[in-house]
């Protein structure tokens, strides 16, 4: 059996971080304090299909790696969480799960944000992560499907992370999930699925709720899950590109104090001190008598429900809260670890079905099959970023003119929490700076 130190070293050496979200280095999640690990296949965001597709096609590899993680850290229970509608994925898991003791399959509700770490843990175990705390504090660690697949590739096949599966959907000719080298541009990836079908496109990286609008030159990283192409005048794009100064003025003028933003907040429903309605009142009236209201923005998970769904006036609590939260972090403020309040008794009636959310976002007609193609696509040139993860950036170990091959170390881990970076294509190093390493294909 592989011990935790050995697994951590391999996972760090091969550059594995969370394949989505913030990109937390996976080795830092391994702890002997964990008694339960969860495989997240809840596919939080609308339109995204990557994880269910990968688990469907690679159930053996994913469950094998999941078992290795469980044994190495001494977890007593391994839970695979999937939505009931993922029929083919469920069948693939059921065909393999019998080979592993203490591994179980859990079906979660078809609601948003079922894949949020704190929500997922509660649904799978009944435990509530403390506000400001970490899952490890209650003996839990969560990994998504592609992250665990990358662990398999590292441990069994000795392959570092050099490519990423990306769902390309929306206004494109052939919606697909494709595997592309790290460092390609959004424009290049979109061209691989036949190009765009709208005259004035906007590119949304990630999901429609938590993703961000980026340029066509934005680079693919270890956390890039999806490219959603939408018209510039689409509801989702307009909401995401609104100016905070205007949002604040609109809130001051038209907030009706209905408190729906708080009533539907997934963290509030689990007893966290997330109260968007109190923040909106204080921020719009410039009322600083109770600074705790502003400090409580640190407990927001940025799911976007308050802005994109709950508010009947079309206001943007989430974007304003994010600004305050960023300001607090920049000034060294950290959230206190608190005891959660009791879970809201009516919580089950205050959750939002994904199908209803898609209708509200005007995305239903984009919810089409985006078949998975695992064959690695070719790139002529890449810019591999040195910071694709939470923590210190990687430090380059190559120079201009060096010949590199796919999988070769091109940047070592920085000090502290960090990960190395490897070449995503064979080629010649054209440029090295503190942001990226450019490689021209052979």
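Here, each number is a calculation from the coordinates, and none is a lab measurement. Note that the structure is predicted; figures quoted are calculated from it, not measured. Cβ atoms come from the backbone with ideal geometry, glycine included; neighbour counts cover every protein chain shown.
Once you wrap a convex hull around the alpha carbon atoms of the chain, what is its projected area averaged over all directions, in nm²? All intermediate terms of the calculation are to be shown ahead of the outcome.
Values: hull surface 82.7 nm².
Mean projected area of the Cα convex hull: 20.7 nm².
How high is the relative contact order of the range 380-442, in percent, counting Cα pairs under 8 Å that sit 6 or more residues apart? Numbers along the way, then the final one.
Working: 164 pairs, mean separation 24.6, N = 63.
The value is 39 percent.
What order do you get for 215, 8 when you list them from fewest to most C-beta neighbours inside 10 Å? Numbers along the way, then the final one.
Details: 215 11, 8 20.
With the sparsest Cβ surroundings first, the list reads 215, 8.
Quantify how much of the Cα-Cα distance distribution of the range 240-352 extends past 17 Å, in percent.
Every Cα pair in the range 240-352 considered, those over 17 Å come to 52 percent.
Can you show me the helix-derived [θ] at 222 nm for the chain, built from DSSP H runs with n ≥ 4 at -39,500 (n - 2.57) apiece and divided by the number of residues, rounded to the nearest 500. Intermediate results must be reported in sequence, preceding the final value.
Details: 15 runs with 131 residues, N = 442.
It comes out at -8500 deg cm²/dmol, rounded to the nearest 500.
For the range 292-442, evaluate the Debye formula with one uniform point scatterer on each Cα (no solvent term) and list log10 I(q)/I(0) at q = 0.08, 0.10, 0.11, 0.13 Å⁻¹, rounded to two decimals.
Calculated log10 I(q)/I(0) at the listed q: -0.46, -0.69, -0.79, -0.94.
With the Cα gyration tensor of the range 95-206 giving a ≥ b ≥ c as the square roots of its eigenvalues, does the rule (a/c under 1.5 for rounded; else a/b larger than b/c for prolate; else oblate) give rounded, prolate or oblate?
prolate
Compute the Rg/Rh shape ratio of the range 4-157: radius of gyration over Kirkwood radius, all on alpha-carbon atoms. Don't skip to the end; give the middle numbers.
Values: Rg = 14.1 Å, Rh = 15.3 Å.
The Rg/Rh ratio comes out at 0.92.
Compute the Cα gyration tensor for the range 385-442, then decide on rounded, prolate or oblate, letting a ≥ b ≥ c be the square roots of its eigenvalues: rounded whenever a/c is under 1.5, prolate when a/b is larger than b/c in the other cases, and oblate in all that remain.
Working: a/c = 2.35, a/b = 1.93, b/c = 1.22.
The shape class here is prolate.
Taking R0 as 56 Å, what's the FRET efficiency between residue 174 and residue 289 from their Cβ-Cβ distance, rounded to 0.05?
With R0 = 56 Å, the Cβ-Cβ based efficiency is 0.50.
Please give the peptides 412-418, 423-429, 50-56 ranked by average Cβ packing (other Cβ atoms within 10 Å per residue), highest first, as a rough proxy for protection. Display every interim value, and only then the final one.
On the way: 412-418: 14.7, 423-429: 21.3, 50-56: 24.9.
So the peptides 412-418, 423-429, 50-56, ranked by packing, come out 50-56, 423-429, 412-418.
Most exposed first by the Cβ proxy, i.e. fewest other Cβ within 10 Å, how do 147, 223 rank?
Working: 147 28, 223 19.
Ordered by Cβ neighbours within 10 Å, fewest first: 223, 147.
Counting pairs of alpha carbon atoms under 8 Å apart in space and at least six apart in sequence, what relative contact order in percent does the chain give? List each step's numbers first, then the result.
Working: 961 pairs, mean separation 77.0, N = 442.
For the chain, the relative contact order is 17 percent.
When the gyration tensor of the range 312-388 is built from Cα positions, what are the square roots of 5 times its three eigenvalues, in whole Å, from largest to smallest? Walk me through the numbers on the way to the answer.
On the way: eigenvalues 228, 151, 50 Å².
The equivalent ellipsoid of the range 312-388 has semi-axes of 34, 27, 16 Å.
Pull up the DSSP beta bridges for the chain and report the antiparallel fraction as a percent, rounded to 5.
Numbers: 35 of 59 bridges.
Bridges in the chain are about 60 percent antiparallel.
Determine the percent antiparallel among the DSSP beta bridges restricted to the range 4-157, to the nearest 5. Can you show the working numbers first?
On the way: 1 of 17 bridges.
Given both bridge residues lie in the range 4-157, the antiparallel proportion sits at roughly 5 percent.
Taking the Cβ of each residue in 44, 256, 306, 108 as the centre, tally the other Cβ atoms inside 10 Å and list the residues starting with the fewest. Walk me through the intermediate numbers first.
On the way: 44 24, 256 10, 306 29, 108 18.
Starting with the residue having the fewest Cβ neighbours, the order is 256, 108, 44, 306.
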